[in-house]
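The values are calculated or read from the model by the stated rules, or taken from the named source; none is laboratory data. Quick caveat, the model's predicted, so the values are computed rather than measured. Note: ideal-geometry Cβ built from the backbone for every residue, glycine included; neighbour counts use all protein chains shown. The protein model used for the area step is the full one, side chains on, heavy atoms only, and it has no ligands, DNA or RNA in it. Shrake-Rupley method; radii C 1.70, N 1.55, O 1.52, S 1.80 Å.
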Amino acid sequence: MHSQLPALINKFTVDSDGIYCQVLSDISSSQSVEKSLRERIAADSYDNYLQVISNSHSIPVMDCEVDRFLLNMPHGALILDIGGCWGWHWRHLARKRPDVGVVIMDFVRSNLIHAKNVLGDLVGRQVVLIHADATALPFVIDDGFSGFDGIWTVQTFQHIPDYNKALREAYRVLKPHSGLFANYSLNVQPPVRWLYRLFGRNYITKGDVPGAFWLARASEEQKMFIEEVFGSKVSERWSEILFTPELHFLFPGRAGSRLGQLDSLLSNNFGFLRCLARQHSFHCRKQ
Ligand SMILES: C[S@@+](CC[C@H](N)C(=O)[O-])C[C@H]1O[C@@H](n2cnc3c(N)ncnc32)[C@H](O)[C@@H]1O
């Protein structure tokens, strides 16, 4: 097992299926509708995980984003994936970074069972799965644990109504003077919003998606709050420029798609084609 994981997980209870847990209080009750929705989705069984995932994430683009993030991780790094769901971002970890450990946490326990299926024997060696809530992270910074080298969170903070609380928690558990935070959220896409309006559909920038979840797309307000908490400059990035599931343009997101590979090359920090980008991410280092 990754050298830092045993000390980290010995404070948790572990179930017979190998999933570690924190007792969840009613902290996440503000997301109870979302939790029920995600539990219903996780109750199904799936033969082809990547096919299902590629309906809402671009596999080629996010694989490249993971590679970029790993390049910034020191030898032996420990990463926390908040809202890691099925854990698919880390499926190539043994080949790409056998020295790195990843803690995947999610507040829907059944998602972590799927993560076990996706990640196989990486779980228990380089990866541990923890059932916990992003707004009350169950990690104590003390003599035995100095914090995570990286926090990776994809399309999760956008669903947490108390974004600021989740952000403060992320900051708390990052290693001082080096810890890297990367948060990917849905972007505001003016052309898609215009098409939604044309067809009488509701395009939500910040608010409840009825029967589903809270959604707050990436915003200047979030960026300013990250800069305030971290006391350092946020760098911005735009990705998933071709992949547009909202308009049923899905095939660039499929594993191995050539168009998806082109899409990954279009991801950028300069705002190029930003109005088309489906994702907008914020990256910041703890001082
Ligand atoms: C849109 S999915 C993204 C999943 C994953 N990050 C990915 O890229 O495939 C959001 C995930 O965040 C989890 N989540 C949402 N709110 C959470 C919270 N407060 N604490 C922990 N997990 C949460 C959900 O259960 C779900 O698995």
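What to note about this one:
- In degrees, nearest ten, helix 109-119 long axis to first principal axis of the chain (Cα): 90 degrees
- Alpha carbon centroid spacing (whole Å) that separates the stretch 185-199 from the stretch 264-287: 18 Å
- Rounded to the nearest 5, the antiparallel percentage of DSSP beta bridges internal to the chain is 50%.
- Candidate residues 206, 175: accessible-area rank, largest first, probe 1.4 Å: 206, 175
- With only the Cα atoms considered, the chain has a convex hull volume of 128 Å³ per residue.
- Surface composition of the stretch 5-285: carbon and sulfur atoms hold 57% of the protein heavy-atom accessible area at a 1.4 Å probe.
- Value in Å of the Kirkwood radius, where the stretch 160-250 supplies the Cα pairs that are averaged: 15.3 Å
- In a DSSP loop and with at most 11 other Cβ atoms within 10 Å, there are no trypsin sites (Lys or Arg not before Pro) in the stretch 1-95.
- In sequence order, calculated HN-Hα J values of the stretch 209-219 (Karplus, 6.51, -1.76, 1.60; Hz; x Gly/Pro): 8, x, x, 10, 6, 7, 9, 10, 5, 3, 9
- Residues with amide H under 5 Å from that of residue 174, placed H, sequence gap 5 or more: 148
- Vicinal HN-Hα couplings computed from phi for the stretch 75-85 (Karplus, 6.51 cos²θ - 1.76 cosθ + 1.60; Hz; Gly/Pro x): 4, x, 4, 10, 10, 10, 9, 8, x, x, 6
- In sequence order, the stretch 192-198 has phi-based couplings of 5, 4, 5, 5, 4, 5, 4 Hz under the Karplus curve 6.51 cos²θ - 1.76 cosθ + 1.60, θ = phi - 60°, and Gly or Pro positions carry x.
- Built amide H within the under 5 Å cut-off of residue 244, gap 5+: 249
- Å² per residue, accessible surface of the stretch 5-285 at 1.4 Å: 44 Å²
- Here is the list for the stretch 172-274: chymotrypsin sites (Phe, Trp or Tyr not before Pro) lying in DSSP coil, each with at most 11 other C-beta atoms within 10 angstrom of its C-beta, are 199, 270.
- With Cα atoms, 0 to 90° folded angle of helix 163-173 axis to the chain main axis: 40 degrees
- With respect to the chain, whose longest principal axis is taken over its alpha-carbon atoms, helix 32-42 is tilted by about 90°.
- Solvent-accessible surface of protein heavy atoms, probed at 1.4 angstrom with all chains present, puts 71, 5, 262 in the order 71, 262, 5, largest first.
- Sequence of 21, 64, 284 from largest to smallest accessible area, 1.4 Å probe: 64, 21, 284
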